[in-house]
1. Would you rank Trp246, Trp258 by solvent-accessible area, highest first, keeping every protein chain in place and using a 1.4 Å probe?
2. Take the Cα atoms of region 286-329, build their convex hull, and give its volume per residue in Å³.
3. Report, in order of residue number, the helices in the chain meeting two criteria: a C-alpha extent of 18 Å or more along the helix axis, and a mean Kyte-Doolittle hydropathy of at least -0.5; treat each whole DSSP H run as one helix.
4. Using the Kirkwood radius built from alpha carbon pairs, what does the Stokes-Einstein equation give as D for the chain at 25 °C and 0.890 mPa s, in µm² per second?
5. Could you work out, for region 276-393, what percent of all Cα-Cα pairs fall into each 10 Å distance bin, beginning at 0 Å and stopping at the bin that holds the largest distance?
6. I need to check one value: relative contact order of the chain, counting alpha carbon pairs closer than 8 Å and at least 6 residues apart, in percent.
7. Quick check: residue separation of Ser101 and Leu154 times 0.36 nm, minus the Cα distance between them. What number comes out in nm?
8. Given H placed 1.01 Å from N in the peptide plane, which residues other than close sequence neighbours of Ala45 have an amide H under 5 Å from its amide H?
Amino acid sequence: MTYHPKSEFLRVMIERGFLADCTDLQALDDSLMSGTVTAYIGYDATAKSLHVGHLLNIMMLRWLQKTGHRPITLMGGGTTRVGDPSFRSDERPLLDDAQISENIDGMQQVFARYLSYQGQGGALMLNNAEWLDDLRYIEFLRDIGRYFSVNRMLSFESVKSRLDREQSLSFLEFNYMILQAYDFLELNRRYSCTLQMGGSDQWGNIVNGVDLTRRVIGHEVYGLTSPLLTTSDGRKMGKSAGGAIWLNGDMLSSYEFWQFWRNTTDADVGRFLKYYTELPVEECNRLGALAGSEINEAKIILANEVTTLLHGADAAKAAEATAREVFEKGGAGDDLPTLELAPDELGDGISIVQLIVKSGLANSGKEAKRLIAENGAKIDDAPLTDAGMMLDANALASPIKLSAGKKRHALVKLEGN
C-alpha cells in the first residue's frame, strides 16, 4: 500500500523519489504536522569540496527548510578522524587536524547556496568535534558503550560485507557507528533534533542513533534515507571520465559543472529534474518523456536549473552560451576549461599527449593515446591522429582548442598570451 502523507515535506520526498526507508513514517508525518522539526545530515570532511554525490541529500535539506522546518548541516570534525567504514573495502587515510579544518572551510561554502542560515529558525552549521573532542574514553564506554551489542553491530550489512570479504576492519573504524549514534543523541539533547537523514548506506548508523536516543533519554526520534544513486547505465552518480564533479567553483568551473548535466543520459533526465531542480513534478515528467532532439532541450533546462542553484543564473547563461558557440558554431568559447602553461612547463616543446592529460580530457597518457588512436581527439576542431605531436611556443602563440569526443573541450594557452 502506498502511504499518502499529510505533511508537505514527506509529500515532496515521496513525489520526487527521495524516500528509500523511514524508521516510522506515520509517526514522523504526525511530528511534521504538529510543529517545526529539526533534522540533520552529517558530512565527514574527507575532501576540500563536496561533490555531486552529496547533492541529493543537500536538496533534501533544502526542501525541509522550504516546507517550514529547520535543517542542521553537521560537519564531521570529530568523526573524520575515525573514518566511516560503511561499504568500503579498505580503511580511509587518516587526516590531521589542519587538513580536516581546511576541508571543512571548503565544504561550508556550498551549503549557503542551498540553505538560509539567517534569522530565527535559520539552518544551523555545527561541528561534532564540539562534543566528540572532549570525550573521556572510560566514561564514554561506561555511559554509551554499554548500549551497543557487538553481535548486532556485526550483523549490519555495511560491516558484514567487509568481514565476508575477509577485509580488515580496524577497531578504530568499528567505533564509527557508536560515534555517529552519539551525534544524534547530542543533537537531540542540545538542539531538539528529531530526524536524521542520509543515503541508504547510512541506514545501520541511523538506526543505532534512533535506538540510543530512545534508550538513554527516552526521546522518540526518526531516521529517513534516500536511495543510493546510480545512473541508468550503472555508473556511480557524480563520477565522470575526468574524475569527481566537485561543487566548489575553484575545483570545477561552472561551465564543466553545467556540461556534466547537459551530458545526462536520456533515461535519467526526468528523474534528475525531480531530484536536482525545483520544477513542478508534472513538468519534470513531461520533459523526461521527450524523445529525439527534443530531449536535448530538456537536458539544457536541467543543466541551467542545477547550475543556477549552485553558481547563479549568470553562470548558467554563460555556460549555455559557450556550449552553443562550441557545438553549433564551432567556436572556441570564452568559458571553456583553460590550461595555462608557464614558459618553464613548455620548455623546448610539450607533447600533445601531455596536454590532453594536463587539461583533464584524459586521466593518463595511455588513455590519451587510446583516444587519439580511436579518432576521438581533435585539435582546433580538426582530427588529431599523431600521438607523437610536439607543440612549441610558436604553436601556442594563440590558444588552441582540444576536444575529447563531441562533448568535452579545453583551451590551452601560454601565460601572457
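1. Sorted descending by solvent-accessible area, the residues read Trp246, Trp258.
2. Roughly 56 Å³ of hull volume per residue.
3. 176-191, 203-217, 294-311, 313-328
4. D = 104 µm²/s.
5. 12, 29, 30, 21, 7, 1
6. That works out to 14 percent.
7. 15.9 nm
8. Distant-sequence amide H within range of Ala45: Gly76, Thr80.
The values are calculated or read from the model by the stated rules, or taken from the named source; none is laboratory data. Since the structure is predicted, the reported quantities are computational estimates derived from the model, not experimental observations. Note: ideal-geometry Cβ built from the backbone for every residue, glycine included; neighbour counts use all protein chains shown. Just so you know, the surface numbers come from the protein's heavy atoms only, side chains and all, with ligands and any DNA or RNA stripped out. Shrake-Rupley method; radii C 1.70, N 1.55, O 1.52, S 1.80 Å.
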